[in-house]
Amino acid sequence: MSKEHYNLLLADDDEDDCLFFKEALDEIAVSTNLSMVHDGVQLMDYLKTNISNFPDVLFLDLNMPRKNGLECLDEIKNDEKLKNLSIIIFSTSLDSEIVNNLYIKGASYYIRKPGDFSKLKTVIEKALNVASENNFKQPERAKFILQP
């Protein structure tokens, strides 16, 4: 699925994280269009109503109000129309039990949010390149966590 332009969707309730993510995208060498939602209910509404602007990749935070990222992942993977969406978990946590559970539930990759802007740019660009090379399919478990 390597292509020249990606429609991305970021689901994250933290305004600063959203701003840094957008700024990082503006500085990487991958052409993107970014849409954002700020809670799990908005995310599911967006995915079910924006079929013409459906994302190539969803960057999903776990800790969101109204419906958390894990609940959204379950709902997406159990919906026939949504289940093939590539989902990159984008969270501050790195609890191994949670990461293993996310892998089992079908997330494509896992990124721990870096605190450093240059690392954020690096890991987003790496995620898009690696995921694209792998046709946005889930890798083997050892390659699930992406690091800058």
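Of ILE98, VAL37, PHE20, which is farthest along the charge dipole of the chain in the positive direction, counting Lys and Arg as +1 and Asp and Glu as -1 at C-beta?
The residue sitting farthest along the positive end of the dipole is ILE98.
Treating the beta-carbon of each Lys and Arg as +1 and of each Asp and Glu as -1, no other charges, what is the dipole magnitude of the chain about its Cα centre, to the nearest 20 debye?
Working: 17 positive and 25 negative charges, 117 e Å.
Value, rounded to 20: 560 debye.
Based on alpha-carbon centroids, what's the gap between the stretch 75-114 and the stretch 22-46 in Å, whole number please?
Cα centroid of the stretch 75-114 versus Cα centroid of the stretch 22-46: 16 Å apart.
Would you mind checking LYS67/LYS143; LYS48/LYS119; LYS113/LYS137; LYS83/LYS119; LYS77/LYS119 for any pair whose Cα atoms are more than 26 angstrom apart?
Working: LYS67/LYS143 28 Å; LYS48/LYS119 33 Å; LYS113/LYS137 21 Å; LYS83/LYS119 30 Å; LYS77/LYS119 29 Å.
Flagged as over cut-off: LYS67/LYS143; LYS48/LYS119; LYS83/LYS119; LYS77/LYS119.
Charges at C-beta only: +1 for Lys and Arg, -1 for Asp and Glu. How large is the resulting dipole of the stretch 68-132 about its Cα centre, in Debye rounded to 20? Kindly include the intermediate steps, with their values, before the conclusion.
Details: 9 positive and 9 negative charges, 63 e Å.
My answer is approximately 300 debye.
With springs only between Cα atoms under 10 Å apart, run a GNM on the chain and tell me which of ASP61, ASP116, ASP17 wobbles the most.
Looking only at ASP61, ASP116, ASP17, the biggest GNM fluctuation is shown by ASP116.
In deg cm²/dmol and to the nearest 500, what is the mean residue ellipticity at 222 nm of the chain if only DSSP H runs of at least 4 residues count, each as -39500 (n - 2.57), divided by the residue total?
Working: 5 runs with 57 residues, N = 148.
So the helix-based figure for the chain works out to -12000 deg cm²/dmol.
Could you work out how far apart the two model spin labels at VAL41 and LYS126 are, taking each label as a point 7 Å from the Cα in the direction of the beta carbon, and quote it in nm?
Here the modelled spin labels are 3.7 nm apart.
To the nearest 10 square angstrom, what accessible area does LYS113 show with a 1.4 Å probe?
The accessible area of LYS113 comes to roughly 30 Å².
For the stretch 23-148, just say rounded, prolate or oblate: build the C-alpha gyration tensor, square-root its eigenvalues into a ≥ b ≥ c, call rounded for a/c under 1.5, and beyond that prolate if a/b exceeds b/c, oblate if not.
Since a/c stays below 1.5, the shape of the stretch 23-148 is classed as rounded.
Please report the carbon-and-sulfur percent of the accessible area for the stretch 10-148; probe 1.4 Å, protein heavy atoms only, DNA, RNA and ligands left out. Present the calculation step by step, with values, prior to reporting the outcome.
On the way: 3130 of 7020 Å².
Carbon and sulfur: 45 percent of the exposed surface of the stretch 10-148.
Take every Cα pair under 8 Å in the stretch 1-90 that's 6+ residues apart, average their separations, divide by the length, and report that relative contact order as a whole percent.
Reported as a whole number, the value is 33 percent.
Where nothing but the Cβ of Lys and Arg (+1) and of Asp and Glu (-1) is charged, how large is the charge dipole of the stretch 3-43 around its Cα centre, in debye to the nearest 20?
Values: 2 positive and 11 negative charges, 73 e Å.
About 360 debye.
Would you mind getting the accessible area per residue of the chain, heavy atoms of the protein chains only, 1.4 Å probe, in Å²? Please report the intermediate quantities before stating the final value.
Working: 7590 Å² over 148 residues.
Each residue of the chain exposes 51 Å² on average to a 1.4 Å probe.
Students sometimes get this wrong: rank THR92, THR49 by accessible area, probe 1.4 Å, all chains present, largest first. The partial results should precede the final answer.
On the way: THR92 80, THR49 105 Å².
Descending accessible area places them as THR49, THR92.
May I ask what percent, to the nearest 5, of DSSP beta bridges between residues of the chain are antiparallel?
0
Just want the answer: with Cβ charges of +1 for Lys and Arg and -1 for Asp and Glu, which residue in ASN84, CYS72, PRO139 is farthest toward the dipole's positive end in the stretch 34-148?
Going by the Cα projections, it comes out as PRO139.
The values are calculated or read from the model by the stated rules, or taken from the named source; none is laboratory data. Since we're looking at a predicted model, the values are computed, not measured. Note that each Cβ is placed from the backbone with ideal geometry, even for glycine, and that neighbours are counted across all protein chains shown. The area values use the complete protein model at the heavy-atom level, side chains included, leaving out ligands, DNA and RNA. Shrake-Rupley method; radii C 1.70, N 1.55, O 1.52, S 1.80 Å.
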